[in-house]
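The values are calculated or read from the model by the stated rules, or taken from the named source; none is laboratory data. The structure presented is a predicted model; accordingly, all values stated were derived computationally and were not measured. All Cβ positions, even for glycine, are placed from backbone atoms using ideal geometry, and neighbour counts span all protein chains on display. Side chains included, ligands, DNA and RNA excluded: accessible areas come from the protein's heavy atoms. Shrake-Rupley method; radii C 1.70, N 1.55, O 1.52, S 1.80 Å.
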Amino acid sequence: MGIRALVYYFVTTILAAIVGIIVVLTIHPGDPSIKDDIGSGTEDTKVSTVDAILDIIRNMLPENLVQACFQQVQTVYKKAKPLRVQISNATNETDGYGAFYVNNTLVLNFTDEEYRVVRDLVYKDGTNILGLIVFCVAFGILVGQLGEKGKSMVDFFVTLNDIVMRMVNIIIWYSPFGIMCLIIGKLMAIEDLAETAQQLGLYMVTVIVGLLIHGLITLPAIYILMTNKNPVTYFRGMLQAWITALGTASSSAALPITFRCLEENNGIDKRVTRFVLPVGATVNMDGTALYEAVAAIFIAQMNNIELSTGEVITVR
């Protein structure tokens, strides 16, 4: 089951990126003429593939399990301060090489371009889902190996799960009003909705079209191919989870309701949902893959850069 789930995650993510590339190349939302109206943007941030992979490994093995519920580690790049060297018997004067003495301290006078960039590990807000999943999987495997000795621990977590699901059932009754407030809050956070829609409207339409193609054509086609069943019935049972994900913009926030929809509405075995969903909420980011593929090519179009076939494949 684990291998099938990972293969599914990999295939759907690749398909989502392909759909995004096809849609953005077809619609061509990037217009260089509106680039000056948007502004200069923020400062460039260095991104290293090695550091990104190492961050994933660090998050898989959190130092503090409680902290992992609220924060995750990330590598950042900072400019190092000018080097100061304490010396004796020096005068307060320049040495002619961009350095000067202040109170017997040699100060190397660097410009912004000459500062050393150093790596640093910081904790940013956000649940470390990957670390929690790794811990829970390891914990569950060890508890399962205990046999009868671990039965009391298994019963404890089964009871705890039932209590949490009952709490979720109560919260679900208030979810329509809460989701409405979340959507309204997102819209009100936009300073000038009309100007934003005018500048980035075609880009947003491109992303939405790509998501609709992936959600209404690609995924149902995979479902029909693998099960030979009507996907409409299955999707109808997932409607509440979809609306929750739309309002919260978070797979993790919609996870409890997704459990309920799969197990109660669609009759999926709990042993399957308890393994597939938490992992999928972390590693299966179809929407993100599609969005980032569209964004990368959109930025190139905005700067009037023609991408070759190899460069487009690299984006994917």
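Tabulated values for the structure
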{"quantity": "Elements of type helices (runs of 4 or more DSSP H) contained in the range 12-83, each with 2 or more residues being open to solvent by 70 Å² or more (accessible area, probe 1.4 Å) and modelled with pLDDT under 85", "calculated": "35-38, 49-60"}
{"quantity": "Residue, modelled with the highest pLDDT, within the range 275-312, restricted to residues that are open to solvent by 70 Å² or more (accessible area, probe 1.4 Å) and among the charged types (D, E, K, R)", "calculated": "292"}
{"quantity": "In the range 120-152, the residues that are of a type in the set (A, V, I, L, M, F, W, C), open to solvent by 90 Å² or more (accessible area, probe 1.4 Å) and not in a helix (DSSP H, G or I)", "calculated": "146"}
{"quantity": "The lone exception for residue 267 - which of (1) without any contact (Cβ under 8 Å) to a residue 40 or more places away in the chain; (2) assigned to a helix (DSSP H, G or I) it fails", "calculated": "(2)"}
{"quantity": "Count - residues of the range 172-210 that are touching a helix residue (DSSP H, G or I) at 6+ places or on another chain (Cβ under 7 Å), of a type in the set (Ser, Thr, Tyr) and modelled with pLDDT under 80", "calculated": "1"}
{"quantity": "Residues located in the range 275-310, provided they are polar (S, T, N, Q) and assigned to a loop (DSSP other than H, G, I, E, B)", "calculated": "284, 303, 304, 308"}
